[in-house]
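See below for the structure under consideration.
The values are calculated or read from the model by the stated rules, or taken from the named source; none is laboratory data. What you see is a predicted model; the values in this text were computed from it and never measured. Counting neighbours? That spans all protein chains shown, and the Cβs are built from the backbone with ideal geometry, glycine included. Protein only, heavy atoms only, side chains kept; ligands, DNA and RNA dropped before computing areas. Shrake-Rupley method; radii C 1.70, N 1.55, O 1.52, S 1.80 Å.
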Amino acid sequence: MEALWKQASRLKEQVSRQGVFKPFGAAYGNSENAFTDESEVNLHQRLEKLYLSTRAAKHFQRDIVRGVEGYIVTESKQVDIGNKLSDDSQKYGTGNTCTSGNTLSKAAMYYGKARSLMEKERGNMLRAFGTQVAEPLRAMVMGAPLEDARHLAQRYDRMRQEAEAQAVEVSRRQNRVRESAPNGDVITKLEAAEYKLEELKSSMVGLGKEAVAAMAAVEAQQQRLTLQRLIAMVEAERAYHQRVLEILDHLEQEMVSERQKIEAPPTPSAENYMAQPPPSYDEVNGMFASSSVDDSVTSVDFFLGEALDSFKAESESELNLSAGDIVIVRKISTNGWAEGECKGKAGWFPHGYIERRERVLASKVPHIF
């Protein structure tokens, strides 16, 4: 009996020194920590932050997937509309029976083909959005690593709740020991409760560390993969817009050229120039020249002109032209002739057969010289 009394006295003294455990909440975001072990408190707080972080990242990934899928559906309808417009434009271009020329037909064909190319590029971008953005993110949202880590965190949470309940039980039994006479059964139950609490704490800490490691790995993967998919989406859209800009630049040049043709004055007939033949090169250069010849030819700043119609040379000093040829014009005569170079040859041609161009298609430049 005396030994039992001494043991009870020692327990009372120990309880008075330690005090009652502080209560803690099991749910994340509502934690009044019951354990005096600072390392366990830090572990719990770390896991809480990881849980919130991975959940927010999961929701963001899901939002991206939904947004991209909605964008793909909407833009796919635009692709269908654009392809229909392309078909209609090319149909007009091939079947037009306009009696005043085929300029609009050509422009319609140019536009239809360009529109088809642009819609093809849009389709490529949408496929990239699906395969490079939506599918990888969807796989991660639904993937096993995230779910496994969350299950570990939930197991830790349940064990922590169990430990909280056990801490309350230990506190209750400690109070009974302090307030009652020495009793072997009461002391034995207190020791058993304390032993169970220590076991729970040990298991909880081990499980918490495992959950933290798993959640940290998932968090790092979420951050890395989501950023990579966002960059892939930006690169796909940027490549699409760059390609469309190239197509539109080329289309603009072709259509402006056609507009200049349709707005140009009627092509003069060659007979208007036959009455006065072009000056010879010897005359222009001063050999056997009279003052009237010198006054009739004016040197000009070189400029580019496009042939509006074909001209067939009738002498060695004249220059053959085909419709669409680009000519470097160097001299102009008052009698309606101009001198220039085209396709490596120089000669005279009716000035009215060409129209000045401020810029020409890059594909035509090599044919000038």
**Request:** Those residues that are open to solvent by less than 90 Å² (accessible area, probe 1.4 Å) and either modelled with pLDDT of 90 or more or not hydrophobic (A, V, I, L, M, F, W, C) (or both), I need them from the stretch 253-264; list them, please.
**Result:** Gln253, Glu254, Ser257, Glu258, Gln260, Lys261
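Do the conditions hold for Tyr51, that is, is it under 30 Å from Ile231 (Cβ atoms), part of a helix (DSSP H, G or I) and among the aromatic types (Phe, Trp, Tyr)? Talk me through it step by step, then tell me what you get.
On the way: under 30 Å from Ile231 (Cβ atoms): yes; part of a helix (DSSP H, G or I): yes; among the aromatic types (Phe, Trp, Tyr): yes.
Spelling it out, Tyr51 is indeed under 30 Å from Ile231 (Cβ atoms), part of a helix (DSSP H, G or I) and among the aromatic types (Phe, Trp, Tyr).
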**Prompt:** Going by the conditions given, is Lys106 under 18 Å from Ile247 (Cα atoms), basic (Lys, Arg), open to solvent by 60 Å² or more (accessible area, probe 1.4 Å) and without any contact (Cβ under 8 Å) to a residue 40 or more places away in the chain?
**Reply:** no
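Would you confirm, using the coordinates I've provided, whether Leu85 is part of a helix (DSSP H, G or I), open to solvent by 40 Å² or more (accessible area, probe 1.4 Å) and among the aliphatic types (A, V, I, L, M)?
Details: part of a helix (DSSP H, G or I): yes; open to solvent by 40 Å² or more (accessible area, probe 1.4 Å): yes; among the aliphatic types (A, V, I, L, M): yes.
Here the answer is yes, as Leu85 does meet what is asked.
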**Complete:** For the stretch 312-333, pairs from a residue that is basic (Lys, Arg) to a residue that is open to solvent by less than 20 Å² (accessible area, probe 1.4 Å) and part of a loop (DSSP other than H, G, I, E, B), with Cβ under 9 Å and 6 or more apart or across chains, are Lys331/Pro279
**Prompt:** Of the numbered conditions (1) modelled with pLDDT under 85; (2) in contact with a helix residue (DSSP H, G or I) (Cβ under 9 Å, 6 or more places away or on another chain); (3) more than 29 Å from Asn102 (Cβ to Cβ), Gln276 satisfies every one except a single condition; which is it?
**Reply:** (2)
**Request:** Go through the stretch 297-321 and count every residue that is of a type in the set (S, T, N, Q), in contact with a strand residue (DSSP E or B) (Cβ under 7 Å, 6 or more places away or on another chain), under 17 Å from Asn335 (Cβ atoms) and modelled with pLDDT of 85 or more.
**Result:** 1
**Request:** Return a yes/no flag: does the stretch 348-364 have any residue that is at pLDDT 80 or above, at positive phi and surrounded by fewer than 17 Cβ atoms within 10 Å (Cβ to Cβ).
**Result:** no
**Message:** Contact list please: Cβ distance under 7 Å, first residue in the stretch 227-248 and acidic (Asp, Glu), second residue modelled with pLDDT of 95 or more and open to solvent by 80 Å² or more (accessible area, probe 1.4 Å), pairs at least six apart or on different chains.
**Reply:** none
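Which residue is farthest from Ala144 (Cα to Cα), if the candidates are limited to the stretch 212-254 and must be polar (S, T, N, Q) and more than 14 Å from the chain's Cα centre (by Cα)? Before you say what the answer is, go through the steps one by one.
Residues of the stretch 212-254 polar (S, T, N, Q): 221-223, 226, 228, 242, 253.
Then keep just the ones that are more than 14 Å from the chain's Cα centre (by Cα); that gives 221-223, 253.
On the way: Gln221: 13, Gln222: 13, Gln223: 17, Gln253: 55 Å.
For the stretch 212-254, the residue satisfying everything is Gln253.
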**Asked** Any idea which residue in the stretch 149-175 is modelled with the highest pLDDT, counting only those that are touching a Leu at 6+ places or on another chain (Cβ under 8 Å) and of a type in the set (Lys, Arg)?
**Response** Arg155
**Prompt:** Within the set of pairs 6+ apart or on separate chains, which have a first residue in the stretch 77-90 that is closer than 12 Å to Lys113 by Cβ, a second that is open to solvent by 70 Å² or more (accessible area, probe 1.4 Å) and not small (Gly, Ala, Ser), and C-beta atoms under 8 Å apart?
**Reply:** Ser86/Lys113; Gln90/Lys113
**Asked** Restricting to the stretch 43-74, what's the tally of residues that are open to solvent by less than 30 Å² (accessible area, probe 1.4 Å) and under 25 Å from the mean Cα position of the chain (by Cα)?
**Response** 6
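If you go through the stretch 117-128 one residue at a time, do you hit one that is more than 22 Å from Asp249 (Cα to Cα), at pLDDT 95 or above and surrounded by fewer than 17 Cβ atoms within 10 Å (Cβ to Cβ)? Let's see the steps before the verdict.
Applying the first criterion (more than 22 Å from Asp249 (Cα to Cα)) to the stretch 117-128 yields 126-128.
Narrowing the set further to residues that are at pLDDT 95 or above leaves 126-128.
With the extra rule that they be surrounded by fewer than 17 Cβ atoms within 10 Å (Cβ to Cβ), the set shrinks to 127.
Yes, the stretch 117-128 contains at least one residue that is more than 22 Å from Asp249 (Cα to Cα), at pLDDT 95 or above and surrounded by fewer than 17 Cβ atoms within 10 Å (Cβ to Cβ).
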**Message:** within 30 Å of Phe60 (Cβ to Cβ) and open to solvent by less than 80 Å² (accessible area, probe 1.4 Å): is that true of Val141 in this structure?
**Reply:** yes
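Of all residues being outside any strand (DSSP E or B) and at pLDDT 85 or above in the stretch 325-343, which is farthest from Leu308 (Cα to Cα)? Just the residue, please.
Step one: of the stretch 325-343, the residues outside any strand (DSSP E or B) are 325, 334-336, 343.
Still in the list and also at pLDDT 85 or above: 325, 343.
Working: Asp325: 8, Lys343: 16 Å.
The selected residue is Lys343.
Quick check, is Glu162 over 31 Å from the mean Cα position of the chain (by Cα) and not hydrophobic (A, V, I, L, M, F, W, C)?
Numbers: over 31 Å from the mean Cα position of the chain (by Cα): yes; not hydrophobic (A, V, I, L, M, F, W, C): yes.
Yes, satisfied.
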**Prompt:** For Lys209, are the conditions met, namely being part of a helix (DSSP H, G or I), charged (D, E, K, R) and open to solvent by 50 Å² or more (accessible area, probe 1.4 Å)?
**Reply:** yes
